[in-house]
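To start, the structure itself, in structure tokens.
The values are calculated or read from the model by the stated rules, or taken from the named source; none is laboratory data. From a predicted model like this one, the values you see are computed outputs, not experimental measurements. Ideal geometry is used to build each Cβ from the backbone, glycine not excepted, and the neighbour counts take in all protein chains shown. These area figures cover heavy atoms from the full protein model, side chains too; ligands, DNA and RNA do not enter into them. Shrake-Rupley method; radii C 1.70, N 1.55, O 1.52, S 1.80 Å.
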Amino acid sequence: MADRIAILGGGTGGTVLANTLAERLAPEIDAGDVEVTLINDDPDHVYKPVWLYVPFGQREPADGRRPLRDLVDGRIDLAIDRVTEIDTDAKELALREGDDPLGYDHLVVATGSTLAADEIPGLAEAGHDYYSESGALELREELLSMTEGHLVVSVVGTPHMCPAAPLEFAFMADDWFRERGLRDDIEITYTYPINRVHGNPHIGEWAEPMMADRDINTETFFNAESVDPDAETITSMEGTELDYDLLAAIPPHRGVDVVEAADLGDRGWVDVDKHTLEAERADDVYALGDAATTGVPKAGSVAHYQAGVVAQRLESEVRGRPATATYDGKTLCFIETGTDAASFVEFDYENPPSPAPPSEKLHWSKLAYNEAYWLTARGLL
């Protein structure tokens, strides 16, 4: 009987993992000794970092979409379906479109993040975001019509996808309005839930003076409790109230319900060993990317590096060898500091980030990577 590997989620982590396994286990797959199935509920693969650029008219949502089948090695069985139940005791997945459950010997959960704006009263009605395709398009229309007033960029929930993106949006908005001669008439305020402007103290220490130099107001210890769409105010648990003319909010994030129902972790995240990425509450289950609670940022680079580790461990297990590959927390990220400059950070569990001086070269490097991403998804970079 073939060794069955099921990958739940066709984002960066799931796609890179599938293609890496197709290469590493090619002899076993070709011989029928291993079957790899990738399950995703959307026929497209979505590269979400593109959405940051949509509000500023620099990209269209279509730039971040490709048919998943075009990206996945032909050796991989691709199922466009939704998993409705994970039974880790029986090692079976119930599918919305399938009459029979899909059995597995090894399961990898790569289900990513979902937005939960409804957790904050009024946020879904009043807040605009650039963490979804529809939100980015709506925000573009609002920015284009804004000639004066108060833009509030509020990080409502943590952890969230791409932790640097709120800083990037604030810096890009500042530049974007300056280029249009509107900045003197538009106030920008950035809020964050703890006593700094970013979760990582090193990045926060680097960003805060830049924000001050560019007249971006900051409100820290601002844990948003409610939004009043009619009064156009956002109020924090600490009692601070801000008026806004445009609210660009980063909504609370959570995992997917099917993961929480399987008792793999809380809020739809999977509790894992941060080095091996093995689930702590079930056997023969791994998790990677946003879905895994490793303490590192929910970023595409993390999913990419973790996919390589899980692929090596699964290869070892399938071939009856001890699995020794481990994840060291490696993360890298470009950080836009405007419309024509960016910084870069690289860090891991042991070494903290030290942001590079912003430059036009790094800005173009980020844009180049965005274009080359599709090679990464195919496992070619």
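Per-structure values
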item	result
Within the stretch 7-28, considering residues that are over 26 Å from VAL46 (Cβ atoms) and part of a helix (DSSP H, G or I), the one most open to solvent (accessible area, probe 1.4 Å)	PRO27
Among (1) crowded, with 21+ Cβ neighbours inside 10 Å; (2) under 15 Å from the mean Cα position of the chain (by Cα), the one test that LEU107 misses	(2)
Selected residue (only one of ARG59, ARG75 is closer than 30 Å to ALA248 by Cα and basic (Lys, Arg))	ARG59
Filter pass, THR337 being touching a residue at least 40 places away in the same chain (Cβ under 8 Å) and of a type outside the set (Phe, Trp, Tyr)	yes
Scope the stretch 124-138; condition in a helix (DSSP H, G or I) and farther than 17 Å from ALA62 by Cβ; matching residues	ALA124, GLU125, ALA126
Failed item in (1) under 22 Å from the mean Cα position of the chain (by Cα); (2) within 24 Å of HIS253 (Cα to Cα), with GLU85 passing the rest	(1)
The stretch 367-380 residues that are under 19 Å from VAL302 (Cβ atoms) and β-branched (Val, Ile, Thr), paired with ones that are assigned to a helix (DSSP H, G or I) and open to solvent by less than 80 Å² (accessible area, probe 1.4 Å) (beta carbon under 8 Å, 6 or more apart)	THR376/THR12; THR376/VAL16; THR376/HIS304
So PRO355, is it open to solvent by 10 Å² or more (accessible area, probe 1.4 Å) and either within 16 Å of the chain's Cα centre (by Cα) or in contact (Cβ under 8 Å) with a residue 60 or more places away in the chain (or both)	yes
Residue count, the stretch 303-352 (criterion: open to solvent by 60 Å² or more (accessible area, probe 1.4 Å) and among the aromatic types (Phe, Trp, Tyr))	1
Residues of the stretch 144-160 satisfying the condition of being open to solvent by less than 10 Å² (accessible area, probe 1.4 Å) and in a helix (DSSP H, G or I)	none
Selection within the stretch 309-327 - within 19 Å of the chain's Cα centre (by Cα) and not aliphatic (A, V, I, L, M)	TYR327
Flag for GLU141 being assigned to a helix (DSSP H, G or I) and surrounded by fewer than 21 Cβ atoms within 10 Å (Cβ to Cβ)	yes
Neighbours by Cβ (under 6 Å, 6+ apart or cross-chain): first from the stretch 301-326, within 15 Å of ASP273 (Cβ to Cβ); second of a type in the set (Phe, Trp, Tyr) and not in a helix (DSSP H, G or I)	GLN306/TYR327; VAL309/TYR327; VAL310/TYR286
